[in-house]
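Bear in mind that the values in this text are calculations on the coordinates, not laboratory data. From a predicted model like this one, the values you see are computed outputs, not experimental measurements. Ideal geometry is used to build each Cβ from the backbone, glycine not excepted, and the neighbour counts take in all protein chains shown.
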Amino acid sequence: MITPNKECPQLKEALEMESVFFKREDLHPYGSHKGRSIPVMIDLYLAQGKKHFAISSSGNAALAACFHIEKLNNNRLDKIKLEVLVGQHIFTEKLRKLEKFKNESISVTMHDRPLQTLFQKTKDGDICTLRQSTDDTALIGYSELGKELLEIPNLSAVFIGTSSGTTAQALAEYFIRINKKVELHIVQTSSCHTISNHFVDDETLDEKSIADAIVDHGALRRDNVIRLVEETNGSGWIASNEQILSAQEITKINEGIDISTNSALSVAGLMQAVYTGKTWDGSVVCVICGD
C-alpha cells in the first residue's frame, strides 16, 4: 500500500455512521492522488520513444509530473524535458512548489490561456501532452488506488472531489470490472460543477470556490462519469465554501488532521449525504486527495 487507509472513529461518531475511513492520498510521495496516474502515463510514453512532455495544470498533476521527471532524470544522461504551463491565477504556494523543480530540463511558465498554449505547442506531435481529461492512458494508474481502497473492510462507498472526472471514471470502471458493489460519489464546487449538476438542481450554488483544483468546465468525461456513478448507485454533490470550511473544521476537531480545501470536498460531500438521510451498512471512505 502506498498511502494509509486511516480509520476515523471520532468522525464516525460525530456523523453517527457505521464506519468512516480516510484514504490519505495527501501523503502520497508525489503529493496527491495524481501521483497514481501521471507517472504511469510518462513511463508508457517513454517506452514509445517520447522524451519531451508538456502539461497545463493548476498544480497537483504538474507537481506529480515534476517529481517523476526529476526522479527519472537523476539516473539518465539523456535528460527528459518537461514544460509546465500554469495560469495567471495559480495559488502562490503551488507556484512556489513548482518553481523549486525548475532546471535545464524542467520549465515552469505562466500564460493567460495555458491550455490553448499547450495545444499550440503540441499540435505537431513532437511534444507529448500529459492531459488526463482526454487521454484514457490516464485511467490505468488509478487501478492501484482502487485495489488499496478495497483493503478497507466491507467497503460500501467512496467520496472523492472531482474536476475532469478521470479518477472517478477509473475507480468506477475498476469496481464494476471486478464485480464489487461500491458506490461512487463525486463532489464538485460552487464555481465548477459541470458533472455534479446532473445530480443537484440548485441554481443558487454559484460562488468563487476556495477549492482551487476543481477547474475543468469542459468536462469531456461528463457523460461517462454520470453513467458510471449511476451504475454504482452513487451520486454527485456540490460543496459551498461554507460546507468546505465546515468539513475542515469537523475533521480537525474529531481527527486532529488539517486537510486542504480540495481534500475537504470528499468530507463535505459525505456530510451532505448523511444530512439528507443516506446510510450505509459498511465502511465509507473519503479520498483525501492532496493540495
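For the chain, the calculated P(r) over all alpha carbon pairs, in 5 Å bins from 0 to the bin holding the longest distance, is 1, 6, 12, 17, 19, 17, 13, 8, 5, 2, 1, 0 percent. Note on region 101-235: Cα Rg divided by 2.2 N^0.38 Å, N the number of residues, gives 1.20.
For the options 231, 16, 83, a Gaussian network treatment of the chain with springs between C-alpha atoms closer than 10 Å singles out 16 as fluctuating the most. Per-residue extension of 0.36 nm, minus the Cα-Cα distance of residue 126 and residue 249, leaves a gain of 39.6 nm for this segment. For residue 123, the lysines whose Cα falls under 20 Å of its own Cα, not counting residues fewer than eight places away in the same chain, are 50, 51, 81. Figure legend: label point modelled 7 angstrom from the Cα of residue 275 along Cα→Cβ; residues of region 240-257 with amide N under 14 Å from it are 240-251. Of the Cα atoms belonging to region 174-272, the radius of gyration and Dmax stand at 14.0, 39 Å.
Taking amide H as placed 1.01 Å from N in the peptide plane, the amide H of residue 239 sits under 5 Å from that of 188, 189, 190, each at least 5 places away or on another chain.
State the Cα centre-to-centre distance between region 53-109 and region 230-291 in whole Å. About 30 Å separates the Cα centre of region 53-109 from the one of region 230-291.
Placing a label point 7 Å from the Cα of residue 93 along the Cα-to-Cβ direction, the residues of region 56-83 whose backbone N falls under 15 Å from that point are 59-60. Pairwise Cα distances in region 38-131 exceed 23 Å for 16 percent of all pairs. Among 207-217, 162-172, sorting by the average number of other beta carbon atoms lying within 10 angstrom of each residue, highest first, gives 162-172, 207-217. Say a paramagnetic label sat at a point 7 Å from the Cα of residue 176, along Cα to Cβ; which residues of region 256-291 have their backbone N under 19 Å from it? None, by backbone N distance to the label point.
Computed from the Cβ-Cβ distance with R0 of 25 Å, the FRET efficiency linking residue 46 to residue 220 stands at 0.50.
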